[in-house]
Amino acid sequence: MNAQQHLLIKLAEECAEVQQAITKSLLFGLDDCHPETNICNLDAIKHELNDLFAVVEMLHSEGVDWRIDNDKVKLKKAKVEYWMKYAETKGILWDEG
């Protein structure tokens, strides 16, 4: 295994940890804190995202080009907003205000 392969495994692990932190926040709320560690779910998500970004930067230094494509980011945002509006029409997503 080379360094890129090792870092790709780490990237997958970090993605799973971000997913786990998000799932806990959906189950218990962003402001809920773990009873043993006193770490709140929002802080756990931030921590895991920083770990993820660290591995992304390490991959970049290993020659994997991870530059942000602002046009693709803009398209993704539009797509997410489209599907959020669709979810509203289905009664799945609603405005809490």
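The values are calculated or read from the model by the stated rules, or taken from the named source; none is laboratory data. This structure is a prediction, so every number in the text was calculated from the model and none was measured. For neighbour counting, all protein chains shown are included, and Cβ atoms are generated from backbone atoms with ideal geometry for every residue, glycine included.
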Test: residue in the range 66-75 that is part of a loop (DSSP other than H, G, I, E, B), of a type outside the set (A, V, I, L, M, F, W, C) and without any contact (Cβ under 8 Å) to a residue 60 or more places away in the chain: yes
Subset of the range 26-47 (residues that are in contact with a Cys (Cβ under 9 Å, 6 or more places away or on another chain) and of a type in the set (D, E)): D31, D32, D43
Selection status of L49, in the same structural domain as A16 (by TED's automatic domain parsing), more than 20 Å from S25 (Cα to Cα) and in contact (Cβ under 8 Å) with a residue 24 or more places away in the chain: no
Candidate set from the range 45-69 (those that are among the β-branched types (V, I, T) and surrounded by 11 or more Cβ atoms within 10 Å (Cβ to Cβ)); member that is farthest from K10 (Cα to Cα): I45
So F53, is it under 15 Å from the mean Cα position of the chain (by Cα) and aromatic (F, W, Y): yes
Some residue of the range 29-38 being assigned to a helix (DSSP H, G or I) and loosely packed, with under 11 Cβ neighbours inside 10 Å: no
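Yes or no, residue by residue, for (1) surrounded by 12 or more Cβ atoms within 10 Å (Cβ to Cβ); (2) of a type in the set (A, V, I, L, M):
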site: C15; (1), (2): yes, no
site: Q20; (1), (2): yes, no
site: D43; (1), (2): yes, no
site: D71; (1), (2): no, no
site: M84; (1), (2): no, yes
